[in-house]
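Working notes, structure below.
The values are calculated or read from the model by the stated rules, or taken from the named source; none is laboratory data. Keep in mind it's a predicted model, so treat the numbers as computed, not measured. As a convention, Cβ positions derive from the backbone with ideal geometry for all residues, glycine included, and neighbour counts pool all protein chains shown. The accessibility values were calculated without ligands, DNA or RNA, using every heavy atom of the protein model including side chains. Shrake-Rupley method; radii C 1.70, N 1.55, O 1.52, S 1.80 Å.
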Amino acid sequence: MRLEDLTPGTDVRGILPDATVSVVNVQWHGSNALTLIYRDPAGRVADEILYRDDEARLEVVEQGRPWSFDGDGATFRLVAEAHRIRLAHLFDPVLAVHTSLVEPLPHQITAVYETMLPRQPLRFVLADDPGAGKTIMAGLYLRELMIRADARRVLIVAPGSLVGQWQDEMEEKFGLSFTLFSRELVEQSRSGNPFDEHDLLVARLDQLARADELRHKLAQTRWDLVVVDEAHKLSANYFGNEIKKTKRFQLGELLGSITRHFLLMTATPHNGKEEDFQLFLSLLDADRFYGKFRDGAHKVDVSDLMRRMVKEQLLKFDGTPLFPERIAYTVPFKLSPLEARLYKEVTEYVREEFNRAEALQNEKRAGTVGFALTILQRRLASSPEAIYQSLRRRRERLEERLRELELLQKGASFSNTAMGPLLDPDDMEDL
């Protein structure tokens, strides 16, 4: 504005901080300065000398009619609709269900709307049996938080084999476009920290756990919700009175410290050791589950931190069981001559390799070999085709190694011992 615009009766902003004053009179001093006499909101009269340089900070306030209807109707409608959507959850208690492409079951609705949403902030373990639809529950919970403007930045951490499924499920069922974290994302990041640049992100558990530089970048960010699938992998255990924390467990501690809502999902939260289970729960509440569990001295009540429903408890809306009843019984059968011969020879092979594994000095390696050999027996019990494919892959791997050794040793003889046991633990993936 110009100084010439300061006329009696004009309301001006910029004279007093955060206040509008009314011009009473103006006295000019030449053409580039004037004395402004004004009245403040409290009714006090004061004066101030203004120069041309002050014009940039001054603004004339137009006084409109308080109850006029000459505003922009389209803008008003847009604002009113935004407020209506923001408050929609007050009128529709299951809004996420009606705005998603899912038909949730009773146990999924109770998990989200009765167990999880009332907890502010959420620090929780969702431990329903496999097949209960924990991904749907997490998606519904996330949608409700976003509808309530309680979540904008969300990180989902899952095993590598499940990240694609998470990305697809969130897009198809809930209309949420998650970005898949990768090394390329780091290289293309303008700031150098892709965790800061993406609000909806799906990341691989082991990729984050094994890379110190990624954890350092992650530690500099803050999230509204972090979901960890297969959370039992975040394990730790006691060695005497000392806690042995895996890299996954350390990642879990980091994730819990940088988020408001923390949701752990697993069908096997308890490994049979109460002290390990208490360490797992310390990811949610480190103060409450501090110290080693002692039987008779500790009593862990997790009803406020975990929900677990087995398949027998899962029902449809009509009250019928969601899954058929599981009945285990033994069915005897007689092996054919060829099947009996196969079973005998594989068993002898397993026993021989077990003895060779026990002779290994490295106890860890011996246990791994024993585990791999047990898999052979399970494949044998599964079907002849399964054991055939396992032995075939093993033979191909050994023949490949034999050719490599022949090239390295230039035809020199080598003993069976030099090759190690016929079933190397490093080759268990061949089974």
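Length gained on full extension, residue 188 to residue 316: 41.4 nm, using 0.36 nm per residue less the C-alpha separation. Once the Cα atoms are used to define both axes, helix 363-382 deviates from the longest principal axis of the chain by about 80 degrees. Whole-Hz Karplus values for the range 130-145 come out as x, x, 7, x, 5, 5, 5, 4, 5, x, 4, 4, 4, 4, 5, 5 Hz, taken residue by residue from phi with 6.51 cos²θ - 1.76 cosθ + 1.60 and θ = phi - 60°; glycine and proline positions read x. For the cross-link pairs 173/316; 217/311; 311/334, the ones whose C-alpha atoms lie over 30 Å apart are 217/311; 311/334.
With respect to the chain, whose longest principal axis is taken over its alpha-carbon atoms, helix 163-174 is tilted by about 50°. Which one, [x] 117, 66, 49; [y] 94, 89, 63; [z] 80, 47, 39, gives Cα extents along the principal axes in Å as derived from the coordinates shown? Entry [x]. The range 224-293 and the range 188-207 have Cα centres spaced 23 Å apart.
How big is the dipole moment of the range 1-82 about its Cα centre under a simple scheme where the beta carbon of each Lys and Arg is +1, that of each Asp and Glu is -1, and everything else is neutral? Debye, nearest 20, please. Intermediate values should be presented prior to the final figure.
Details: 8 positive and 15 negative charges, 33 e Å.
Once rounded to the nearest 20, the dipole reads 160 debye.
In the elastic network of the chain, a GNM with C-alpha springs shorter than 10 Å, the most mobile of 236, 80, 42 is 42.
GNM remark for the chain: springs join alpha carbons under 10 Å apart, and the peak mean-square fluctuation among 186, 154, 202 falls on 186.
Over the chain, dividing the summed -39,500 (n - 2.57) contributions of all DSSP H runs of at least 4 residues by the number of residues returns a 222 nm mean residue ellipticity of -11500 deg cm²/dmol.
When Lys and Arg each count +1 and Asp and Glu each count -1, what net charge do the other residues less than 15 Å away from residue 181, Cβ to Cβ, add up to?
Values: positive: 153, 183, 204, 210, 215, 217; negative: 184, 187, 196, 197, 199, 206, 213, 229.
My count for the surroundings of residue 181 gives -2.
Ordering 27, 154, 374 by Cα displacement along the dipole of the chain toward the positive end leaves 374 in first place; charges were set at the Cβ atoms of Lys, Arg (+1) and Asp, Glu (-1). Taken per residue, the accessible surface of the chain reaches 60 Å², heavy atoms only and a 1.4 Å probe. Charge dipole (Cα centre; +1 on Lys/Arg Cβ, -1 on Asp/Glu Cβ; no other charges) of the chain amounts to roughly 1460 debye. Comparing 113, 321, 101 along the charge dipole axis of the chain, the residue lying farthest to the positive side is 321, per the Cβ-charge model. Here the chain has 52 percent of its accessible surface on carbon and sulfur atoms, given a 1.4 Å probe and all protein chains in place.
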